[in-house]
Amino acid sequence: MSEFFGNIAGNATLRVRLAAEIKSGTFPHAYIIEGQEGSGRRTLARSIAAALSCSNPDRLPCGVCPACRKIFGNKTPDVISVIPEQGRSSIGVEVARQIRRDVIVLPIDFAYKVYIIEEADKMTPEAQNALLLTLEEPPGFAVFLLICRSASDLLLTVRSRAPTVRTEPIASEVIADYLISHDNRAAKLKAEYPGEFAELISAAGGCIGQALSLLDPDKRRPIMERRRLARSFVGILAAPDRSFAERLDIISMFSSRREEITEELRLIADALRDLILLKKTGQAQLVFWSDRAAALEVAGRFSLEELLLLFEQVDTAAGFIGRNANIRLTLTNLVFARTAVIRQ
């Protein structure tokens, strides 16, 4: 079974489950596929479509049979991708009604007709209710794959008609090996700038798609800048003897846009979360720090109580900024937060 869905990295349990359902003929008529952007949800959906029609039962999907080549090459009318209409940010009710009209038409090439609804969480409530009519009584040949970040963003009635599977975060080593074997830029970056390559893997958040995207220097640059800011900010907090001027200088490194500041504070919170976990166990799974030794050294400069209070204050600051609080005042209070914690 381990060879099934071999084009999907990680997700071993999920791959076994899906292959077993397809081979036994018990695959449901609909699945909700949730996960982070870049986590392989779309690849998984198209792979399911291919596996349903693949002619090689010992290696679903094989990727080389006529059905697989057509489906992966997007050359069949039996696999339909549903996306928001051009110029719109949501999937409206008319799209759902069109699906209902189309679903009664028999598939042309294969035994199954698969609808991949990308960004299903962007369906309006009216569209979801219209789709519900189709999900309740679909033709036997129809399969619906609803892709979203979180199934909780869909109506409960829709969720009740389709079980949910979630793409799992991929281990850093697996992502690194995948990048190096699939993209020459990865090997070059690792050889020339190993530290930045490690940062890229960490920034990907367990998502191969995100990691591949970050191989583009233009996309990687702002992410790396945010991560440097987060490390510098935690470094300032870790050194209570830093001068007043040094503390104020770091505030100028933040963006001037509230949405971006919120993201910068989220990264600082991730860095502090890692340090909290390291205070409890040195073998904690880190989400921000790519260098465990460096993280352990920084964690050693704080007490657990200090880290917990600082984490709470960063979270509070992000909330204040989201509610239009004065940005400079909020960040100034935060950069002096450890001094206040020590006084407590």
Using only Cα atoms, what Kirkwood radius does the range 221-343 have, in angstroms? 14.5
The range 1-154: D in µm²/s via Stokes-Einstein (Kirkwood Rh, Cα pairs, 4 °C, 1.567 mPa s)? 82
Within the range 66-171, report the trypsin sites (Lys or Arg not before Pro) that DSSP leaves as loop and that have at most 14 other Cβ atoms within 10 Å. LYS75, ARG88
Mean ellipticity per residue at 222 nm, deg cm²/dmol - from DSSP H runs of n ≥ 4 across the chain, formula -39500 (n - 2.57): -17000 deg cm²/dmol
Wrap a convex hull around the Cα atoms of the range 75-177, take a quarter of its surface area, and give that in square nanometres. 8.5
Quotient of C-alpha Rg and 2.2 N^0.38 Å, computed over the chain: 1.18
In degrees, nearest 10, the alpha-carbon axis of helix 12-24 is tilted away from the dominant principal axis of the alpha carbons of the chain by 10
So if I restrict to the alpha-carbon atoms in the range 6-81, what is the Rg, and what is Dmax, the biggest pairwise distance, in Å? 11.9, 31
Residues whose placed amide H lies under 5 Å from that of ALA142, excluding near-sequence neighbours: LYS113
Loop only by DSSP, 15 or fewer other Cβ within 10 Å of the Cβ. Give me the GluC sites (Glu not before Pro) in the range 76-129 that pass, ordered by residue number. GLU85
Run through all the Cα pairs of the range 270-322 and give the fraction in each 5 Å bin from 0, expressed as whole percent. 4, 22, 31, 20, 13, 7, 3
Cα centre as origin, Lys/Arg/Asp/Glu Cβ charges: the chain dipole, Debye: 80
Output the 0 to 90 degree angle, nearest 10, between the alpha-carbon long axis of helix 217-238 and the longest principal axis computed from the alpha carbons of the chain. 40
Any chance you could give the angle, 0 to 90 degrees and rounded to 10, that helix 125-136 forms with the longest Cα principal axis of the chain? 40
For the range 12-166, what is the charge dipole size about the Cα centre, in debye to the nearest 20, if Lys and Arg each add +1 at the Cβ and Asp and Glu each add -1 at the Cβ? 440
For the range 148-267, rounded, prolate or oblate, judged on the Cα gyration tensor with a ≥ b ≥ c (square roots of eigenvalues), a/c < 1.5 rounded, else prolate if a/b > b/c? oblate
So the number of lysine pairs in the chain with alpha-carbon atoms under 18 angstrom apart, 8 or more residues apart or on different chains, is 5
Show me 42-54, 305-317 ranked by packing, highest mean number of other Cβ atoms within 10 Å first. 42-54, 305-317
The range 248-283 to the range 203-224: how many Å between their Cα centroids? 18
The distance between the Cα centres of the range 82-149 and the range 1-36, in whole Å, is 21
A correct Stokes-Einstein calculation for the range 150-219, using the alpha-carbon Kirkwood radius, 10 °C and 1.306 mPa s, returns a whole-number D in µm² s⁻¹ of 116
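Just so you know, all these numbers are worked out from the coordinates, no wet-lab data involved. For clarity, every value in this text was computed on a predicted model and none was experimentally measured. As a convention, Cβ positions derive from the backbone with ideal geometry for all residues, glycine included, and neighbour counts pool all protein chains shown.
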